[in-house]
Amino acid sequence: MRQPLRRLYLLYHELRPSQSRYPYATQSEMFEQHVDLFVRLREAKDCCLWPELTFDDGHISNYEIAAPIAQLRGLTARFFITAGWTGNRLDYMGWTQVRSLHDAGHPIGAHGWTHALLTHCSDQELQTELSKSRLTLEDKLGTAVTTMSLPGGRYDRRVLAACEKAGYTQVYTSAPKAESMPMGTLVGRLNVLGSMKPEWIEKLFHPESGVLSNLEHKYRMKESAKKLLGDRLYEKLWLLVNRREPERDDGGEGAK
């Protein structure tokens, strides 16, 4: 099957059996519909934008629900793991599950050690978040780990320089944009919300719809708002309009 020279990476977090008010949780049945759509798009003769699956954090539903759905359809997903949570946090994968995903052919990347926003870290904290997470993943999996997903999508020049120093060759962001091949160091992704229906997602893969370009424009406006307000105030405002679950303590994961 000929693959087009442009890709759109889809970013998921966790799957749930039923609908949730938490915006980054996708209903498992809805995810199945998304994956069926991606298979159809890949098989289409006029496919000009290739869909790719990624997951952040390492929630147990990635192993129990997402991977089987993808594998049944012959797809792989890239899983970015918060290494310090692995085997230590309720509802997140242990190392046995992460190794199983790796052994099944799913690429594994890093997502920090504690999921701290990297722009808020000191130089020493950056080294822990970037180097400790990569080295631990490599030790547990027995393979090189050279990709990093930015917690909360936050980065600046200092963070990117630290990522390079820590040994990462590609850094995945939360910027919704298509990537041309061969890809550069920074890789954009579309952050999938639980409210995104397959009919709407399909429009992303048709440039004439203007949906993806509109999302890129909104993302640039949001990033400008973050710079104007600062991360702390922006997150407080985000939480006023988005439900954050009491048990979650993810360093601002929701405020993307």
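The values are calculated or read from the model by the stated rules, or taken from the named source; none is laboratory data. It should be emphasised that the depicted structure is a prediction, and the values quoted were computed from it without experimental measurement. Here the Cβ positions follow ideal geometry from the backbone for every residue, glycine too, while neighbour counts run over all protein chains shown. Surface areas here come from the heavy atoms of the whole protein model, side chains and all, with no ligands, DNA or RNA. Shrake-Rupley method; radii C 1.70, N 1.55, O 1.52, S 1.80 Å.
Things worth noting here:
- Candidates Thr143, Thr54, Thr128: whichever shows maximal mean-square fluctuation once the chain is modelled as a Gaussian network with Cα springs under 10 Å: Thr143
- Shape category assigned to the chain from the gyration tensor of Cα positions, a/c cut at 1.5: rounded
- Based on every Cα atom in the range 63-105, Rg and the maximum pairwise Cα distance Dmax equal 10.7, 31 Å.
- When each of the peptides 80-92, 152-164 is scored by the mean number of other C-beta atoms lying within 10 Å of its residues, the order from highest to lowest reads 80-92, 152-164.
- Chain lengthening between Asp123 and Asn214 when straightened (0.36 nm per residue, less Cα-Cα): 29.2 nm
- Cα centroid separation, the range 153-181 to the range 1-74: 22 Å.
- Phi angles across the range 54-64 convert, under the Karplus curve 6.51 cos²θ - 1.76 cosθ + 1.60 with θ = phi - 60°, into 3J(HN,Hα) values of 9, 9, 10, 4, x, 4, 4, 5, 4, 7, 7 Hz, Gly and Pro given as x.
- The H on the amide N of Leu186, modeled in the peptide plane, is under 5 Å from the matching H of Val171, each at least 5 residues off or on a different chain.
- Span-rule helices in the chain, defined as complete DSSP H runs reaching 30 Å or more along the axis (Cα) with Kyte mean at least 1.0: none
- Considering only alpha-carbon pairs that sit under 8 angstrom and 6 or more positions apart, the relative contact order computed for the range 46-133 is 28 percent.
- Distance between the pseudo-spin-label points of Lys197 and Asp103 (7 Å out from Cα toward the beta carbon): 4.1 nm.
- Charging the Cβ of each Asp and Glu at -1 and of each Lys and Arg at +1, and nothing else, the dipole of the chain about its Cα centre rounds to 620 debye.
- Modelled label positions at Met221 and Arg21, each set 7 Å beyond Cα in the direction of Cβ, lie 2.7 nm from each other.
- The figure for Glu216 is an accessible area of roughly 60 square angstrom, using a 1.4 Å probe on the protein chains alone.
- Relative contact order, percent, the chain [alpha-carbon distance under 8 Å, six or more residues apart]: 21 percent
- The modelled label-to-label distance for the pair Asp139/Leu90, using points 7 Å beyond Cα in the direction of Cβ, is 2.8 nm.
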